[in-house]
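The values are calculated or read from the model by the stated rules, or taken from the named source; none is laboratory data. What you see is a predicted model; the values in this text were computed from it and never measured. With ideal geometry, Cβ positions are generated from the backbone for all residues, glycine too; neighbour counts draw on all protein chains shown. Heads up: the accessible areas ignore ligands, DNA and RNA and are worked out on the full protein's heavy atoms, side chains in. Shrake-Rupley method; radii C 1.70, N 1.55, O 1.52, S 1.80 Å.
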Amino acid sequence: MQRTLLAVLGLIAFLLIWEAVPYLGLVSPLFLPPPSGLPQAFLREIQAGYWLKAVLASLEHYILGLALGTGFGVALGIATALYDKLDAALSWVVRLLRPVPGLAWVPFAIVWFGISETAATFIIIIGVFWINYYAAYGAAKAIDKDLLEVADAFGHRSTLAKLFKIVLPGSTAGILAGVRTGLGQAWMAVVAPNCSACPALASG
Amino acid sequence: MMQASSLLATEVVVVYMITIAALYGLTDTLFVQLRDRLLRWQR
């Protein structure tokens, strides 16, 4: 209860300071619009129909991009953790591609997919893929080798059996931590095409 | 949001920033509930 109260008080203090800065003339309202003007702007967007359209379009990109980026990232992360040869083969490919920022992929997304919904979704996939890849890779690598030997002893010798009996249950917490990080990253990636001088990719 | 920023309609930009924050808050809250349910067997 005290935490909730503190959270509300913190938010109110933040809004008051925000309101005071343009009100006291410290910054022009054009540079920092006061929060008191936001409900009116929000209502205008709703009445014009822009808000709902933008939110639905963003959600469509978000859900698809998040699902595909998470799926591919987790699958490749677990595969590289389980197969040392695959890990070695991809190690420098990963190092080459990992630091490329999502925004840098925008020109390629346009060339490959045109100015389309697919291009916007692709940027989100890139945004969440690496987070999930590393989370799943780390979680699966951290599985205790003794558990895999126990699986062998109990007759679960195939890779698929070990995956479902040991690796996935043992790495779920780590994988889900990556998925949660990806949830936020995907929203940032939804906005990325908006801010990259490519209005046709914009959804918000 | 892009159109709003190009028109310097900063209050509209903030409306969409808050919209995204609210959507993130909603998705994160739902995810945490799902995660806690999925990991209940571990506790």
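Annotations for the structure displayed:
- In the condition set (1) modelled with pLDDT under 90; (2) within 14 Å of chain B (Cβ to nearest Cβ); (3) surrounded by fewer than 17 Cβ atoms within 10 Å (Cβ to Cβ), residue A:159 is compliant with all but (2).
- Candidates A:39, A:35, filtered to the one that is open to solvent by less than 70 Å² (accessible area, probe 1.4 Å), modelled with pLDDT of 90 or more and closer than 30 Å to residue A:15 by Cα: A:35
- Of all residues in segment A:1-32 being assigned to a helix (DSSP H, G or I) and polar (S, T, N, Q), the one that is least open to solvent (accessible area, probe 1.4 Å): A:4
- Unique match (being without any contact (Cβ under 8 Å) to a residue 40 or more places away in the chain, in a helix (DSSP H, G or I), more than 14 Å from chain B (Cβ to nearest Cβ) and surrounded by 14 or more Cβ atoms within 10 Å (Cβ to Cβ)) among A:112, A:105: A:105
- Residue check, residue A:58 assigned to a helix (DSSP H, G or I), closer than 23 Å to residue B:27 by Cα and either hydroxyl-bearing (Ser, Thr, Tyr) or open to solvent by 60 Å² or more (accessible area, probe 1.4 Å) (or both): yes
- Filter result for residue A:177 (surrounded by 14 or more Cβ atoms within 10 Å (Cβ to Cβ), modelled with pLDDT of 90 or more, under 21 Å from residue A:101 (Cβ atoms) and within 14 Å of chain B (Cβ to nearest Cβ)): no
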